[in-house]
Amino acid sequence: MTLRTFWRAAAVLALAAVCAACSRGSGDTARSFTLAVIPKGTTNEFWKSTHAGAVKAADELKGKGVDVSIVWKGPLREDDREQQVQVVEGFLSQGVSGLVLAPLDERALVRPVEEAARAGIPTLIFDSDLASKEIVSFVATDNYQGGVLAAREMGKLLDGKGNVLLLRYQEGSASTTFREEGFLDTLKKEFPNIRIVSSDQYAGATRDTAKRASENLLNRFGPRLQGIFCVNESSTAGMLLALQDINRAGRIKLIGFDSTQAFIDAMRAGQLHGLVVQDPLNMGYRAVLTMVDYLQKKPVEKRVDTGVWMITPQNIDEERSQVLLKPPYQKYLGEGQ
Ligand code: BDR
């Protein structure tokens, strides 16, 4: 065999190996992946920004010659455990390179995720914890710290004294449970003269269920309340509507979580006094980049913290605040989203 023939044969074998790796969708030479990106739900604005971040990462990777197809699918409501399990199982039978999942229940999604791992399909968790170690990485806000920020702002707003109510979100939702714990722990430790008059009621998965829970709480405790904390978008929206209906918006200090135009308007109208915000666009972006690094057998961080901030009437017009309050998701998802 001449040297020329030898090198030609070697090149052909190398090309075959690369194609095989590509078709498997993994390995350090893989250049093509299909990722299932599964939010907790598709009702809250928050998820549009995470979707935009995933698309932003795929666009950037394409520019580097790595073809990532994002398949976005989630349940309508964030309390539909069965639906999210079915979505995950559907992707398993379809066959994808990896799952990028925000579990709406930290236990209900363990079985399908561990089934996926056994089938060779890795899962990266974003936004809300999962009670399993069989994951690539956890990309999310430090939600406990989000609750700490809310408690400290409440302490400032009430000058360290008064009656406060916590509206919880949903049992099984790890992200919001950590916010609730951070809030209660910090009030107890740092603000002994603030009394928590109620912390055992749940808003449920929609703005309407949140509004009904809020109305009940305001009927029971409203006359003697100085402060309220709500731990996510739909809960904050429901409480704000309930306060507006009885003309008490602005008279009780309200701190919410996440951002919508209605919350920005309410803050400017003096009806919302603090808003804990995350960086959902960066969360979706880092989640996809981290999963692709894993699939290409590069080192990945087991925990990626995407940050948490308190927006107030005093800092709302700062540039950083504006970007966090209005993530440019249309830039990646197209207008009309
Ligand atoms: C909310 O649920 C949480 O898991 C997200 O971080 C967001 O705050 C969306 O409903």
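Overview of values
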| read-out | value |
| --- | --- |
| Spin-label model distance (nm) - K297 vs R111, 7 Å beyond Cα toward Cβ | 3.5 nm |
| E215, E89 arranged by Cβ crowding within 10 Å, fewest neighbours leading | E89, E215 |
| Estimated inter-spin distance, V323 and D305, nm [label 7 Å along Cα→Cβ] | 1.9 nm |
| Potential extension, R118-E60 segment - 0.36 nm per residue separation minus Cα distance | 17.8 nm |
| GNM result for the chain, Cα springs below 10 Å: residue of G284, G65, G53 fluctuating most strongly | G65 |
| Test item: Cα-centred dipole of the chain, Lys/Arg +1 and Asp/Glu -1 on Cβ, debye | 360 debye |
| Cα pair distances of the stretch 188-337 binned at 5 Å [whole percent] | 2, 8, 16, 17, 16, 15, 11, 7, 5, 3, 1, 0 |
| Scattering curve values for the stretch 100-204, log₁₀ I(q)/I(0), Debye with Cα scatterers, q = 0.14 Å⁻¹ | -0.61 |
| Helix-only CD estimate at 222 nm, as mean residue ellipticity for the chain, using -39500 (n - 2.57) per DSSP H run (n ≥ 4) | -15000 deg cm²/dmol |
| Cα point-scatterer Debye curve for the stretch 84-160, base-10 log of I(q)/I(0) at q = 0.21, 0.23 Å⁻¹ | -0.85, -0.97 |
| Net lengthening on full extension, D208/K73 (0.36 nm per residue, minus Cα-Cα) | 46.3 nm |
| Debye-sum result for the stretch 143-277 in log10 I(q)/I(0), which assumes one identical scatterer on each alpha carbon, at q = 0.20 Å⁻¹ | -1.14 |
| Rg followed by Dmax, in Å, when the chain is reduced to its Cα trace | 22.8, 94 |
| Inter-label distance for E89 and E134, nm, one decimal - labels placed 7 Å from Cα along Cα-to-Cβ | 1.5 nm |
| Rounded FRET efficiency, nearest 0.05, which uses the C-beta distance separating Q337 from R268 and R0 of 25 Å | 0.55 |
| Between the stretch 269-291 and the stretch 56-94, the Cα center-to-center distance that results, in Å | 19 Å |
| With at most 11 neighbouring Cβ atoms within 10 Å, loop trypsin sites (Lys or Arg not before Pro) (DSSP) excluded, longest segment of the chain | 134-301 |
| Rounded to 10°, Cα long-axis angle of helix 143-157 versus longest principal axis of the chain | 30 degrees |
| Inter-centroid distance (Cα atoms) of the stretch 95-141 relative to the stretch 214-235, Å | 34 Å |
| Student exercise, the stretch 170-270 dipole from Lys, Arg, Asp, Glu Cβ charges, in Debye to nearest 20 | 460 debye |
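All of the numbers you see were taken from the coordinates with simple rules; none came from a lab. On a predicted model such as this, the values are computed, not experimentally measured, just so you know. Heads up, the Cβs are rebuilt from the backbone with ideal geometry, glycines too, and the neighbour counts pull from every protein chain shown.
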